[in-house]
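Notes for the one structure printed next.
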Amino acid sequence: MRNQILINSTFNETRVALIEENNLVEIYVERDLSPQMVGNIYKGRIEKIVPGMQAAFVDIGSGKSGFISVEDVYEDLFPDFIDDEDQKKLNSGPQSIQDKLVQGQDLIVQVIKEPVHGKGPKLTSNVSIPGKHLVLIAASNIVGISHKIEDEEERERLIEIISRLKPENLGFIARTFSEDVKEKELSKEIKSLVKTWSRIKKSYEKRKRPNLIYETPSLTIRAIRDLVTYNIDEIIIDDENLFSEIQKYLAKTNINKNIKVKNYKNSQPLFEKYKIDKEVNEIYKKKVWLKSGGFLIIEETEGLTVIDVNTGRYIGKSDQNSTLLKINLESAAEILRQIRLRNLVGIIVIDFIDLKDPALRNKVFSTIKDGAQKDKVRTVIQDISQFSVLQLTRQRTRESILNTLADPCPICMGIGRIKSKDTIIYEILRRIKHLANKPKIKTITLEAHSDIIDNLILKEEKNIKYIQENKGFEIKFINNDENIDKFSLENN
């Protein structure tokens with residue numbers, strides 16, 4: 001069984017796929033025309049205090065005001081790392097936003113949630129800078145350890161090292177990846193994070209107006225930093241520049257020396273070869289088939305996701321309890337994969353097939369609880385009910401992949417989803433890029449909806465021109481307004 005990271009780059013779009021034991025479990029997409037804001041740090045200025053909401057609007061110089069609530073001024077954002085007593089220290093102080101913030105005040109803020117549905121980004125004043133093994137906390141001097149590091153001796157070792165090496169006025173938390181890492185590496189990372197924070201502070205002081213003062217690293221670097229573990233066998237990249245960038249980053253950070261890094265140069269597209277595109281296309285569907293013949297129905301809304309388990313064609317080969325338990329256990333494993341793959345966040349309610357025996361329900365609960373340990377996103381799981389309904393809450397670190405790739409269906413008033421225009425545009429560009437590598441091509445003809453063609457030319461005119469000039473052929477466009485999500489490409 002192989003664990004891999006696949007990285008595909010097509011002009012202004014980068015996609016990262018995480019494969020565990022030959023199964024796709026996570027997918028990330030970032031486009032230069034709509035870059036991620038989460039993690040960015042800004043010099044902000046309080047525009048307006050709203051006492052009734054215990055919140056404030058903050059100008060961050062990006063055109064859309066950010067929003068900070070009193071909880072995001074005081075609340076500890078690292079419950080997985082810091083003990084209850086230390087949390088109380090972080091949360092101490094006035095709990096009224098008008099006691100802490102005033103209109104016109106400048107402050108350093110960090111984006112913790114992307115702008116959605118016309119709302120500005122959600123902000124926090126608890127600035128943090130993640131590294132591979134550690135996270136620097138700017139507003140505290142506390143040392144915390146990931147709860148996933150369970151060995152007491154190792155926890156004490158990390159606390160002692162970090163406490164001794166860190167500056168007095170800054171806090172640090174040890175991520176799960178810090179387990180068994182040597183003091184020399186931890187010391188190197190602490191110095192690097194402190195330098196980054198010093199640069200941020202200097203930039204804040206120099207800026208006269210609200211503006212970006214620290215931009216989170218690219219998706220590629222974040223993926224290598226956060227996804228590469230000692231279980232990853234190889235990283236495969238289909239872009240030569242990114243291949244070189246990743247090699248340098250791995251050498252600089254000394255991450256997993258045994259990992260293989262390959263520059264993919266085959267004619268068949270990388271995500272097509274590994275069947276990633278096929279699996280991504282399944283994300284648009286609500287129904288997920290299981291190998292046994294059962295299926296899941298995944299209903300994703302803005303505030304809640306409901307997952308329903310159905311036996312489908314599965315009839316089992318023994319007694320009813322064994323049949324129902326088997327389909328529930330198979331469903332539990334697939335649900336955990338779908339949660340990570342689709343990046344389902346917030347409240348998730350799972351309606352398993354009813355099991356009368358509490359012992360059997362507990363087996364299903366244990367499968368979910370144990371499997372969730374592989375997920376780096378914080379998840380709180382409640383006990384399974386007597387009706388075999390389980391509820392969990394998964395932290396919103398980024399939007400679901402469906403929100404990234406799809407738009408509400410205009411025909412059914414948003415009940416369903418269709419591929420967004422940008423998603424279709426980059427599918428077209430990937431296909432053109434692939435066709436361009438074939439010999440003796442004189443013309444590529446694209447037949448698509450006029451809105452898609454107009455957006456393609458508007459957003460990617462430079463890259464379209466580059467392909468034609470570099471490969472020596474012409475791209476022709478034909479409007480076909482029958483279906484906005486359908487297109488065809490022909491070459492001759």
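The values are calculated or read from the model by the stated rules, or taken from the named source; none is laboratory data. Just so you know, these numbers come straight off a predicted model, no measurement behind them. Every residue, glycine as well, gets a Cβ built from its backbone with ideal geometry; the counts of neighbours run over all protein chains shown.
Here are a few things to note about the model shown:
- Residues in the stretch 167-190 that are in a helix (DSSP H, G or I) and either modelled with pLDDT of 95 or more or surrounded by 13 or more Cβ atoms within 10 Å (Cβ to Cβ) (or both): Thr176, Phe177, Ser178, Glu183, Glu185, Leu186, Ser187, Lys188, Glu189, Ile190.
- Taking residues in the stretch 286-301 that are under 17 Å from Ser400 (Cβ atoms), and partners anywhere that are part of a loop (DSSP other than H, G, I, E, B) and among the polar types (S, T, N, Q), the pairs with Cβ atoms closer than 9 Å and at least 6 places apart or on different chains are Glu300/Ser400.
- Residue in the stretch 433-443 that is part of a helix (DSSP H, G or I), aliphatic (A, V, I, L, M) and either at pLDDT 90 or above or assigned by TED's automatic domain parsing to the domain that holds Tyr264 (or both) present: no
- Filter result (out of contact with any helix residue (DSSP H, G or I) (no Cβ under 8 Å at 6 or more places or on another chain) and buried (at least 18 other Cβ atoms within 10 Å of the Cβ)) within the stretch 20-38: Met37
- Only listed residue being under 30 Å from Asn3 (Cα atoms), touching a residue at least 40 places away in the same chain (Cβ under 8 Å) and outside any strand (DSSP E or B), chosen from Val29, Val25, Val38: Val38
- Of all the listed residues (Phe78, Phe57), the sole one being assigned by TED's automatic domain parsing to the domain that holds Lys206 and at pLDDT 90 or above is Phe57.
- Sole residue being at pLDDT below 90 and charged (D, E, K, R), chosen from Glu272, Glu245, Glu279, Glu302: Glu302
- Checking each residue in the stretch 58-73 for being under 26 Å from Arg199 (Cα atoms) and either surrounded by fewer than 21 Cβ atoms within 10 Å (Cβ to Cβ) or in contact with a Gly (Cβ under 6 Å, 6 or more places away or on another chain) (or both) picks out Val58, Ile60, Gly61, Ser62, Gly63, Lys64, Ser65, Gly66, Phe67.
- Among the residues of the stretch 93-151, those that are of a type in the set (Lys, Arg) and within 30 Å of Ser187 (Cβ to Cβ) comprise Lys132, Lys148.
- Residues that are acidic (Asp, Glu) and touching a helix residue (DSSP H, G or I) at 6+ places or on another chain (Cβ under 7 Å) within the stretch 418-473 comprise Asp451, Glu460, listed in sequence order.
- In this entry, Asn463 passes the filter for residues that are surrounded by 14 or more Cβ atoms within 10 Å (Cβ to Cβ) and touching a Phe, Trp or Tyr at 6+ places or on another chain (Cβ under 9 Å).
- Against the test of being under 30 Å from Gly303 (Cβ atoms), over 21 Å from the mean Cα position of the chain (by Cα) and not aromatic (Phe, Trp, Tyr), the options Ser192, Ser125 yield a single qualifying residue, Ser125.
- Residue in the stretch 444-454 that is in contact with a Phe, Trp or Tyr (Cβ under 6 Å, 6 or more places away or on another chain) and among the hydroxyl-bearing types (Ser, Thr, Tyr) present: no
- If you go through the stretch 117-132 and keep only what is assigned to a loop (DSSP other than H, G, I, E, B) and within 16 Å of Asn211 (Cα to Cα), you end up with Gly120, Pro121, Ser125, Val127.
- Restricting the stretch 302-335 to residues that are surrounded by 14 or more Cβ atoms within 10 Å (Cβ to Cβ) and without any contact (Cβ under 8 Å) to a residue 24 or more places away in the chain, the residue that is farthest from Ser388 (Cα to Cα) is Gly316.
- Whether a residue is in contact with a helix residue (DSSP H, G or I) (Cβ under 7 Å, 6 or more places away or on another chain), part of a strand (DSSP E or B), under 30 Å from Thr367 (Cα atoms) and modelled with pLDDT of 85 or more was assessed, and Leu489 does not pass this test.
- Looking at Leu360, Leu344, just one residue is closer than 30 Å to Thr14 by Cα, in contact (Cβ under 8 Å) with a residue 12 or more places away in the chain and either surrounded by 14 or more Cβ atoms within 10 Å (Cβ to Cβ) or not assigned by TED's automatic domain parsing to the domain that holds Lys326 (or both), and that residue is Leu344.
Results for (1) aliphatic (A, V, I, L, M); (2) not assigned by TED's automatic domain parsing to the domain that holds Asn266, shown as yes or no for each residue.
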{"position": "Thr10", "(1), (2)": "no, no"}
{"position": "Leu18", "(1), (2)": "yes, no"}
{"position": "Tyr28", "(1), (2)": "no, no"}
{"position": "Pro51", "(1), (2)": "no, yes"}
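- Among the residues of the stretch 266-299, those identified as among the acidic types (Asp, Glu) and within 22 Å of Lys433 (Cβ to Cβ) are Glu272, Asp277, Glu279.
- Scan the stretch 133-160 for residues that are part of a loop (DSSP other than H, G, I, E, B) and over 10 Å from Ala174 (Cα atoms) and the total you get is 8.
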